[in-house]
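Please treat every number below as a calculation from the coordinates, not as lab data. What you are looking at is a predicted structure, and each value in this text was computed from that prediction instead of being measured. Cβ placement follows ideal geometry from the backbone for every residue including glycine, while neighbour counts extend to all protein chains displayed.
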Amino acid sequence: MEIPVLTAGVTGTKPKMSWTRKILLILGFLSTLAVIALIAVAVTQNKPLPKNIKYGIVLDAGSSHTNLYVYEWPAEKENDTGVVQQVEVCKVEGPGISGYSHATEKAGPSLAQCLRQAEYVIPSKQHQETPIYLGATAGMRLLSLENKNAADKVLSSVEKTLRSAPFNFQGARIISGQEEGAYGWITINYLLGNFKQSGWKKLLHSLKSISETSGALDLGGASTQITFVPNELSSESPENLLYFRLYGKDYLVYTHSFLCYGKDQALQQKLAEDLQTMENSSLLDPCFHQGYQRTINISDLFKTPCTSAKKKQFPFSQLYVQGEGDYQKCRRNVQKLFNKTNCPYSSCSFNGIYLPPLQGDFGAFSAFYFVMNFLNLTSEQSPAALDKVAATVESFCARPWHEVKTAYHQIKEKYLSEYCFSGAYILSLLENGYDFTENNWQRIHFLGKIGSSDAGWTLGYMLNLTNMIPAEEPAVPPLSYGSYVGLMVLCSLVLASVLLFAWLLFHKPKCLQKGIV
Ligand SMILES: Nc1ccn([C@@H]2O[C@H](COP(=O)(O)OP(=O)(O)O)[C@@H](O)[C@H]2O)c(=O)n1
Ligand SMILES: [Ca+2]
């Protein structure tokens, strides 16, 4: 059988390629190469680089104990919002540093174990560049009022120990109540992302010229702070007003710190007040559980500047406290700590201190959280109404001490015995002191942590001292690096397709010609 020979069009010599076809072919080849190169660049450049992490340490020297916090953040993003987070907290054994007034040289060494813990958490090659700060709060404020010399010695001892640690020592000092309030407010708003204004929120805010921040309520052992942005600007009491410019926005913040109104000093005040009308040494106390007993040295009760004005001669040296477990009576008892009679301003909290009308949501942390969390009253999903909170404290106070002790045997007796008083005190402070009502009660959010970081003043303090909160919004390129590369690849693909299409259009290859395909 003869095999048909296809000879049509074949002349024996190769057909000459036209110059336009050649250029198109070269262009097509080059754009394919460019696309491959761009994709390769996109893939390799977007691989996560090894993270460059920075660290900072803050010690919160509170009246009851000291906590050491380690924070970390990516070095490149120092000025962004919400990038700093807590990676470690270490609770120092023993009392707060103000508790070393009779053995001041022991204050510093008490911090050694937590410093070693920080050395372990932070890579050794970064120890030298890691700043370390210590801020002391109301316990040291009181000690310095009572015995300035002892307070100075405690701070020197603490400084000596911190200088001997391998970190970059930046100072150990007593912070003011104003700073404590302000830094607590900065911390929670930074962690809640309230300073960051992106997308529609930014547009909405610039239209309405508002910026929603959350107020801060901090309850310690020796002082308590209230800080928020009031609705109307008033210069009635300038010492309570602070001005901040953060991320391109102005904030006028009201703050006040009540020394002696932390929950431990408030209890001392209450007992000192009770003593004034006592004829013998035994006190039936409605703020402790029935069956609970405690003996208190009267001289200890009047040592603190919070009670010294009530000091007088008593015919007994010890006070025998017997629990009665009566919440209503306790509330009436505690309420006396808030003097509402004189107010030289348009409105006051108590003791003649200016307080503008409450505004917005509040984050309540430290002992506000510890106590409410113990009483199971911190659920964010179904926040309890004020009457439910009062009923819960009331029924807890009514439980006999032996029952409470058995039910919560894992909790230290000192803490456990005072939750009834603390619950009543918190309600009295918020209701009688600050005038929270059933209408705005649910705007209080009891928070322990936000993300991985504890709510408290320490983070705000570090952000401020390391200049990590810029006054102006950092200029950011309109596109992220990834989006830029992506867009480049897309453009090249479009270009390549256009070229290919042009080539097909002007130089129809045979396979596309009618009749063949
Ligand atoms: N787990 C905890 C830890 C502390 N606390 C209390 O929280 C308060 C912390 O106050 P603090 O030591 O920071 O004192 P300030 O210097 O802030 O007034 C103290 O009254 C502690 O007893 C608590 O109730 N439960
Ligand atoms: Ca505190």
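Whole-Hz Karplus ³J(HN,Hα) for segment 391-407, in order, using 6.51 cos²θ - 1.76 cosθ + 1.60 and θ = phi - 60°, x for Gly and Pro?
Here the 3J(HN,Hα) series is 5, 5, 5, 4, 6, 5, 4, 6, 6, x, 4, 4, 5, 4, 4, 6, 5 Hz.
Going through segment 315-363, which trypsin sites (Lys or Arg not before Pro) have at most 15 other Cβ atoms within 10 Å and a DSSP loop state?
K336, K340
What is the chain's relative contact order, in percent, from Cα pairs under 8 angstrom and six or more apart in sequence?
Over the chain, the number comes to 17 percent.
Sorted by mean Cβ packing within 10 Å, highest first, what order do the peptides 376-388, 408-420, 80-92 take?
80-92, 408-420, 376-388
Compute from the Cα atoms of segment 320-368 the Rg and the Dmax, the latter being the longest Cα-Cα distance, and quote both in angstrom.
15.3, 44
Each residue of segment 226-233 in order: what ³J(HN,Hα) in whole Hz does its phi give by Karplus 6.51 cos²θ - 1.76 cosθ + 1.60, θ = phi - 60°, with x for Gly and Pro?
Rounded to whole hertz, the list is 10, 9, 6, 8, x, 5, 10, 7.
Residues with amide H under 5 Å of K54's amide H, sequence separation 5 or more or different chain, H placed in the peptide plane at 1.01 Å from N; which?
Residues meeting the amide H criterion: W73, A75.
Skipping prolines and chain starts, which residues have an amide H placed within reach, meaning under 5 Å, of the one on V84, given they are 5 or more residues away or on another chain?
Those lying under 5 Å, H to H, from V84: there are none.
Does segment 51-174 classify as rounded, prolate or oblate by the C-alpha gyration tensor (a ≥ b ≥ c root eigenvalues; a/c under 1.5 gives rounded; else a/b over b/c gives prolate, otherwise oblate)? Intermediate results must be reported in sequence, preceding the final value.
Working: a/c = 2.35, a/b = 1.95, b/c = 1.21.
Prolate is the answer for segment 51-174, as a/c is 1.5 or above and a/b outweighs b/c.
When the convex hull of the C-alpha atoms of the chain is computed, what volume per residue in Å³ does it have?
Per-residue hull volume (Cα only) is 269 Å³.
Helix 148-164 sits at what angle to the longest principal axis of the chain, using alpha carbons and giving 0 to 90 degrees rounded to 10?
It is inclined by approximately 30 degrees.
Mind listing the phi-derived Karplus ³J(HN,Hα) values for segment 244-254, rounded to whole Hz, using 6.51, -1.76 and 1.60 with θ = phi - 60°, and x for any glycine or proline?
10, 10, 10, 6, x, 10, 8, 10, 10, 10, 8
Mean shadow of segment 221-302, computed from the convex hull of its alpha carbons, in nm²?
That works out to 9.0 nm², a quarter of the Cα hull's surface.
Name the residues whose placed amide hydrogens come within less than 5 Å of the amide hydrogen of G262, ignoring near sequence neighbours (fewer than 5 apart) on the same chain.
A222, S223, T224
Translational diffusion coefficient of segment 371-465 at 20 °C, 1.002 mPa s, Stokes-Einstein with Kirkwood Rh over Cα pairs, in µm²/s as a whole number.
141 µm²/s
Do the sum for the chain: with -39,500 (n - 2.57) for every DSSP H run of n ≥ 4, divided by all residues, what is the mean residue ellipticity at 222 nm, to the nearest 500 deg cm²/dmol? Kindly include the intermediate steps, with their values, before the conclusion.
Numbers: 15 runs with 191 residues, N = 517.
Value at 222 nm, helices only, nearest 500: -11500 deg cm²/dmol.
So how far, in whole Å, is the C-alpha centre of segment 149-171 from the one of segment 305-354?
Taking the Cα centre of each part, segment 149-171 and segment 305-354 sit 36 Å apart.
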